[in-house]
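Student: What follows is a structure written as C-alpha cells; I'll ask about it next.
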C-alpha cells in the first residue's frame, strides 16, 4: 500500500507542478516569439500549426527536476549514483535539445544544430554516462530476466550503451510529429519502467529511479494538457531528446535492455520506417512510403491526425503491458 501511495503522490506532484508551470510558460514563449517555424515539408493540415510555441519540453523537465530535489531535501528519496546518472542524462540531453531549438528559433527556419553536431553531442553525453555508470560498479552484462540468462558483452558493452542512448533519443525525436503522439507514448513507457524499476530490488537506488519515473509520468501528463490536439505548445528537441535518452538510461541501469525494445516498439518502428525510406531513396531513388516518419505516411493516405495518435497510443499501451508482464511478473 505504501508503494502505491508513493507512486500516486509522485505522479500527482509532477502533474500539478507541470500544469501550473505551463500556465506561465506558454504565454511567455509566445511573448518572446519562441515559435515553431513553418517547414516546406509540412502536410497541408499542419500549416495552421506554424507559429505554435516550441521548447514545451521545459514544461515537464523543470517540474521533474524540481520535484526530485524537493523529495531529496525532505528525505523522501535517497541520493544514489544511479539516480545521479539518470538525472545527468535527463538534463544533458534536454540542454542539447534546447540549444537545437534555440538556434532554429534564432535563425527563423528549421535549421538548428547540424546532424553531425547533434550526433557528436549525443555521443559525448553517452560516453560520460558510460564512464560514470561503470565507475559506480556496474557490470558489462545484459540479462534476459524471463529465462534467467546473463550475457557478458565485454568491451562491446560500451558500443551497446552508446547505441542505446543515441538511438533512443533520436527515435523519440522522430516520433514527435503529431499532437500528443510522443508525449502519450512516453507516459506509457515510463510508467512501465517505473514498475519494472521498483521490482529491480537487487540494484542500488532503483526505488528512487522508480519515483523519478512516476514523477516524470505525472509531469508529461501535465504537459499533455497543452499538447494534445490542437496543441498549444510543442515539446521540441528539448523534450524529445531528454525523454528518449532517459528511457534508455533507466533500461540500462535496471538491466532491462531487452525489455526496452518491447516498451519502445512504436518509437523503433517509426525509426526503422525512416531508415528504410532513406536507403531506398539513396540506392534506388524510389520511395517506399509516401512520407516518413510513418505517421505522416498515414496522413498522406487520408487518416485523421487524432485517429493516428489514438492507434499508436493503443499499440504503445499493449507493448508496455507486455513489458510489465515479462519484466515484473513472469
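Student: Being modelled with pLDDT of 95 or more and either assigned to a helix (DSSP H, G or I) or within 15 Å of the chain's Cα centre (by Cα) (or both) is the requirement here; does residue 279 meet it?
Tutor: Against the criterion (modelled with pLDDT of 95 or more and either assigned to a helix (DSSP H, G or I) or within 15 Å of the chain's Cα centre (by Cα) (or both)), residue 279 qualifies.
Student: Test residue 77 against the criterion of being part of a helix (DSSP H, G or I), at pLDDT 85 or above, closer than 24 Å to residue 218 by Cβ and touching a helix residue (DSSP H, G or I) at 6+ places or on another chain (Cβ under 9 Å), and give yes or no. Please lay out each step first, then the result.
Tutor: Numbers: part of a helix (DSSP H, G or I): no; at pLDDT 85 or above: yes; closer than 24 Å to residue 218 by Cβ: yes; touching a helix residue (DSSP H, G or I) at 6+ places or on another chain (Cβ under 9 Å): yes.
Considered against the rule, which asks whether it is part of a helix (DSSP H, G or I), at pLDDT 85 or above, closer than 24 Å to residue 218 by Cβ and touching a helix residue (DSSP H, G or I) at 6+ places or on another chain (Cβ under 9 Å), residue 77 comes out as no.
Student: Exactly one of these conditions fails for residue 124: (1) surrounded by 14 or more Cβ atoms within 10 Å (Cβ to Cβ); (2) within 21 Å of the chain's Cα centre (by Cα). Give me its number.
Tutor: (1)
Student: Return the residues of segment 83-117 that are in a helix (DSSP H, G or I) and more than 22 Å from residue 62 (Cβ to Cβ); say none if nothing qualifies.
Tutor: 107, 115, 116, 117
Student: Answer yes or no as to whether residue 148 is surrounded by fewer than 24 Cβ atoms within 10 Å (Cβ to Cβ), at negative phi and either out of contact with any strand residue (DSSP E or B) (no Cβ under 6 Å at 6 or more places or on another chain) or at pLDDT 95 or above (or both).
Tutor: On the way: surrounded by fewer than 24 Cβ atoms within 10 Å (Cβ to Cβ): yes; at negative phi: no; either out of contact with any strand residue (DSSP E or B) (no Cβ under 6 Å at 6 or more places or on another chain) or at pLDDT 95 or above (or both): yes.
Taking the combined requirement at face value, the residue does not satisfy it.
Student: Cβ-Cβ distance below 7 Å, separation of 6 or more or different chains: which pairs start in segment 101-125 with a residue that is within 12 Å of residue 241 (Cα to Cα) and end on one that is assigned to a loop (DSSP other than H, G, I, E, B) and modelled with pLDDT under 95?
Tutor: Partner pairs satisfying both residue conditions: 101/54; 101/55; 101/112.
Student: Every residue in segment 21-34 that is surrounded by fewer than 20 Cβ atoms within 10 Å (Cβ to Cβ) and touching a residue at least 40 places away in the same chain (Cβ under 8 Å), please.
Tutor: Quick first cut of segment 21-34, residues surrounded by fewer than 20 Cβ atoms within 10 Å (Cβ to Cβ) only: 23-24, 26-28, 30-33.
Within segment 21-34, 26, 33 qualify.
Student: Any idea which residue in segment 289-307 is nearest to residue 182 (Cα to Cα), counting only those that are under 19 Å from the mean Cα position of the chain (by Cα) and assigned to a helix (DSSP H, G or I)?
Tutor: First, pick out the residues of segment 289-307 that are under 19 Å from the mean Cα position of the chain (by Cα): 293-295.
From the residues that got through so far, the ones that are assigned to a helix (DSSP H, G or I) too are 294-295.
Details: 294: 13, 295: 11 Å.
Per the criteria, the residue is 295.
Student: For segment 1-20, how many residues are surrounded by fewer than 12 Cβ atoms within 10 Å (Cβ to Cβ) and free of Cβ contacts under 8 Å to residues at least 40 places away in the same chain? Give the steps one after another, and end with the answer.
Tutor: Going through segment 1-20, the residues surrounded by fewer than 12 Cβ atoms within 10 Å (Cβ to Cβ) turn out to be 1-5.
Checking which are free of Cβ contacts under 8 Å to residues at least 40 places away in the same chain leaves us with 1-2, 4-5.
Going through segment 1-20 one residue at a time, the tally reaches 4.
Student: For segment 201-265, give me every one of the helices (runs of 4 or more DSSP H) that falls completely inside it and has 3 or more residues that are at pLDDT 95 or above and under 18 Å from residue 162 (Cβ atoms).
Tutor: Numbers: elements: 206-227, 236-253, 257-263.
Fully inside segment 201-265 and qualifying: 236-253.
Student: Test each condition in (1) on the phi > 0 side of the Ramachandran plot; (2) surrounded by 16 or more Cβ atoms within 10 Å (Cβ to Cβ) for residue 162 and report the one that comes out false.
Tutor: (1)
Student: Spot the failing condition for residue 328; the list is (1) under 29 Å from residue 113 (Cα atoms); (2) in a helix (DSSP H, G or I); (3) at pLDDT below 95, and only one is missed.
Tutor: It fails just one condition, (1).
The values are calculated or read from the model by the stated rules, or taken from the named source; none is laboratory data. Being a predicted model, the structure only gives us computed values, none of them experimental. Using ideal geometry, Cβ is built from the backbone for each residue, glycine included, and neighbour counts are taken over all protein chains shown.
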